[in-house]
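Comments concern the structure below.
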Amino acid sequence: MSKEYSPKDIEKKWQDIWDKEEAFKVGVDKTKPKYYALVEFPYPSGQGLHVGHPRPYTAMDIVSRKRRMQGYNVLFPMGWDAFGLPTENYAIKNKIHPKIVTKNNVEHFKNQLKALGYSFDWTKEVNTTDENYYKWTQWIFLQLFKKGLAYKSEMPINFCTSCKVGLANEEVVNGVCERCGSEVIRKMQSQWMLKITDYADKLIEGLDHVDYIEKVKVSQKNWIGRSEGAEVEFRIKDKDETLLIYTTRPDTLFGATYMVISPEHPLIEKYKAEIGNYDEIAAYREQASKKSDFERTELAKDKTGVCINGISAINPVNNKEIPVWVSDYVLMSYGTGAIMAVPAHDTRDWDFAKKFGLPIIEVVAGGDVQNEAFTDVATGKLCNSDFLNGMEVKDAKEAVTKWLEEKGIGHRKVNFKLRDWVFSRQRYWGEPIPIVKCPCCGYVPLDERELPLRLPEVESYMPTDTGESPLAAMRDWVETTCPKCGGKAERETDTMPQWAGSSWYFLRYIDPDNDKEFASKEALEYWMPVDWYNGGMEHTTLHLLYSRFWHKFLYDQNLVPCDEPYRKRTSHGMILGENGEKMSKSRGNVVNPDDVVDEFGADTLRTYEMFIGAFDLSAAWSMEGVKGCRRFLDRVWKLQDMMTEGDGYRSEIETKIHQTIKKVSNDFEGLKFNTAIAAMMALVNDFYKANSITKDEYATLILLLNPVAPHMTEELWEMYFGNGRAYQQKWPEYDEAKTVESTVEIAVQINGKVKATLMVGLDEDEASVKEKAHVIPVIAELTAGKNIVKEIYVKGRILNIVAKN
RNA sequence: GCCGGUGUGGCGGAAUGGCAGACGCAGCAGACUCAAAAUCUGCCGGGGGCAACCUCGUGCCGGUUCAAGUCCGGCCACCGGCACCA
């Protein structure tokens, strides 16, 4: 009898061996095909590894290990996205430098990851908070600045009235501060912005050339929100003034019965003197600006507004005079901040018109516009629209746009929902922005040779009362000289957002110790693009979009060899608590991976997380399920007691083995780890039924299972096969011809219902199969005296006899 | 409101339009044991029948097809994201 399977004895042993042998260290090797597998690097929080982390890591570890066995040179790196708020908050609370907090957390995380046996190349480890790393983050920022893609702008920020700090959008939950629950107001502040909107079209277009799961593509496209329409000028009556609007429905121009401008629209101030009810409008604007995000969403349905007295506009298509209103449902930040309102064919305009008794004119026939806005553009023809009458919406849109362009009162225009990226944070624990503000020269970049611009030691990490970064209090750091004129100047005190470091980390992995460039050309040429990147859906419109933007910019500067960074992108589902709810301390349903490893072993945790369900869907944790996976590994372990003297695959199980190799190989690539493991379980069950396994059969099983349960399979390999390590072996191959049985059981149906089964040769001809089927007593009986209308034979699967009375 | 996803046994979940429920969990029975646990073996959707079998069954209603969990049309429920984007 073999000794008992004891993960505790085995797992540490192999982790140490892999370390010592530098088993997964890679370099540029042009004799082999390269494969770059990437998982999102974690934020090293104080809580340590969550049971959700191992799911994507194990998945990509499996792919990496399999690819190595298939002869690829695989880069599978790991690092730390370590700047960020929780660390800073922890530092404030406990008066420990964030650097120390980060160091401790990273150490803890790394130990946990090592205990799970991942085949990361730890020589490529990066940490976004290392000077030698953020030096290059700053360097890329300077390139963006030099190309005019980084600029400073007055922007409203989210300001917590209680904490007195600026908050990122993600930190505002339902209009209140995520940390203290106090009201969040908008406050104007000068912010660094990145012009991601310049890349809006490229970011959409690039999606056509990459293999991302559809969900991700759709989300990114929706987020960028491209729309095609026209800008149209409306004359203001009795003034040498026009009001420019944006519309996606120029075809409905004849239905515009009033106009609406946003409360912040400059027109109001410009004609202050002529507006009869200026005070009323100013009061409305004041009220609108005070609305918190929470109120804005809550009150979204209830339209408010004020008509501007003394100002009216002329609809350019029919010269009709129409009123101009002010309402906060028109946003200054989109389009031109002014719209033409077509209540018959836009639900928001319809709501507004109904509330204020404005006329509703139908211009696309097909609905009942007095009762409901008719917004269907697919059906319906134009009416009440002069030269557009009778046209389809699409044709009318084109015709009227041409007409506007000819008359010089309008033109085609593409708009995006995507806004420029607010890149400033009034925080300590982030990359300092390498810019100096000089009273003579304006914003001046640091000389690249000055990088990295290090974070200074500060007394307090607390943001100041004014909402400035704690760096602002460091006068001796702030006060500097202008790199351009040498005069007195001040450093920028805002830092970069957490998304900065993660926007290019996959490039640094390639050549992490390079002090001349962020990575060498040669290494970039060899490794890029990332072949497969797996990460969370929650990063689709943030990290994933930001990093594509940076990468496209670097490509345009000739600094990287390809325009899209990731060839393939997949996403994993969340791991929920046993009760099906999101794991959280307050719900008391958190599972600690360390405990699972301790009780069952890392291989069991890995197997379970892959077996738990479809990889892209969320799945609830089950301790009973974990036990089942441990049982499976125990059964594989104990197969050693059933080993027979013979080698090769025995004929009675050969087909099953070839089928299993095929299924496991394909399922690993298709992220169907649960069915791959199920197939191996089924094979193991067969060995138990036979109560025997040959050496070669065992070897194949061990290698197939190696990517999932690397420690146990290495141990077994060493015990029985010895020749090198399991991870160094060739991935098992299957013979397509041997994956099919020569005789198969088919179902014989009558009128679609199974009545019997029949063994036939796979290549047996149809006539012979039919003949055999009709001899079956049940079939003969049921078809007796009936008219056989037709018989359908699907090779090796089914014979359906359609019989009628 | 818009976009996306998911609905299959007691549970997690399998099924290129071709025998629904693979594999696992739980449960039941047997073997081993003084006994229990562990392990091994077998059974395991509902209803009916002594039985061989019959019959119903993949959220709901309809359709296409020799054949539908799968395709089409119309709903419902739950989960996630976005949200006055003209």
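The values are calculated or read from the model by the stated rules, or taken from the named source; none is laboratory data. If you're wondering where the values come from, they're calculated on a predicted model, not measured in any experiment. Every residue, glycine as well, gets a Cβ built from its backbone with ideal geometry; the counts of neighbours run over all protein chains shown. In case anyone asks, the SASA skips ligands and DNA or RNA and just uses the protein heavy atoms, side chains included. Shrake-Rupley method; radii C 1.70, N 1.55, O 1.52, S 1.80 Å.
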By my count, helices (runs of 4 or more DSSP H) wholly in segment A:181-271 with at least 1 residues that are basic (Lys, Arg) and within 14 Å of A:LYS417 (Cα to Cα) are A:214-224
Matching option when the condition is part of a helix (DSSP H, G or I), open to solvent by less than 20 Å² (accessible area, probe 1.4 Å) and among the aromatic types (Phe, Trp, Tyr), among A:PHE120, A:PHE141:
A:PHE141
Selected residue [more than 11 Å from RNA strand B (Cβ to nearest atom) and at pLDDT 95 or above] from A:VAL324, A:VAL364:
A:VAL324
Going through (1) touching a Ser or Thr at 6+ places or on another chain (Cβ under 9 Å); (2) charged (D, E, K, R); (3) farther than 30 Å from A:LYS270 by Cβ one by one, A:LYS355 fails only at (3)
Looking only at segment A:504-536, count how many residues are more than 20 Å from A:THR570 (Cβ to Cβ) and among the small types (Gly, Ala, Ser).
3
Only one of A:LYS381, A:LYS355 is basic (Lys, Arg), in contact with a Lys or Arg (Cβ under 7 Å, 6 or more places away or on another chain) and either more than 7 Å from RNA strand B (Cβ to nearest atom) or more than 17 Å from A:THR248 (Cα to Cα) (or both); which?
A:LYS355
Single residue of A:GLY390, A:GLY430 found to be assigned to a loop (DSSP other than H, G, I, E, B) and either without any contact (Cβ under 8 Å) to a residue 40 or more places away in the chain or open to solvent by 20 Å² or more (accessible area, probe 1.4 Å) (or both):
A:GLY390
Quick one: count up the residues across segment A:752-778 that are open to solvent by less than 50 Å² (accessible area, probe 1.4 Å) and either of a type in the set (Ser, Thr, Tyr) or within 14 Å of RNA strand B (Cβ to nearest atom) (or both).
10
Look through A:ASP208, A:ASP198 and report the one residue that is more than 16 Å from RNA strand B (Cβ to nearest atom), in contact (Cβ under 8 Å) with a residue 40 or more places away in the chain and closer than 22 Å to A:PRO565 by Cα.
A:ASP198
Take the residues of segment A:532-555 that are farther than 16 Å from A:ARG419 by Cα and either charged (D, E, K, R) or in contact with a His (Cβ under 9 Å, 6 or more places away or on another chain) (or both): which is farthest from RNA strand B (Cβ to nearest atom)?
A:LYS552
Could you grab me the full set of residues in segment A:224-244 that are within 14 Å of RNA strand B (Cβ to nearest atom) and buried (at least 17 other Cβ atoms within 10 Å of the Cβ)?
A:ILE224, A:GLY229, A:ALA230, A:GLU231, A:VAL232, A:PHE234, A:LEU243
Residue that is least open to solvent (accessible area, probe 1.4 Å), among those in segment A:621-654 that are more than 17 Å from A:ILE702 (Cα to Cα), outside any loop (DSSP other than H, G, I, E, B) and within 15 Å of RNA strand B (Cβ to nearest atom):
A:VAL626
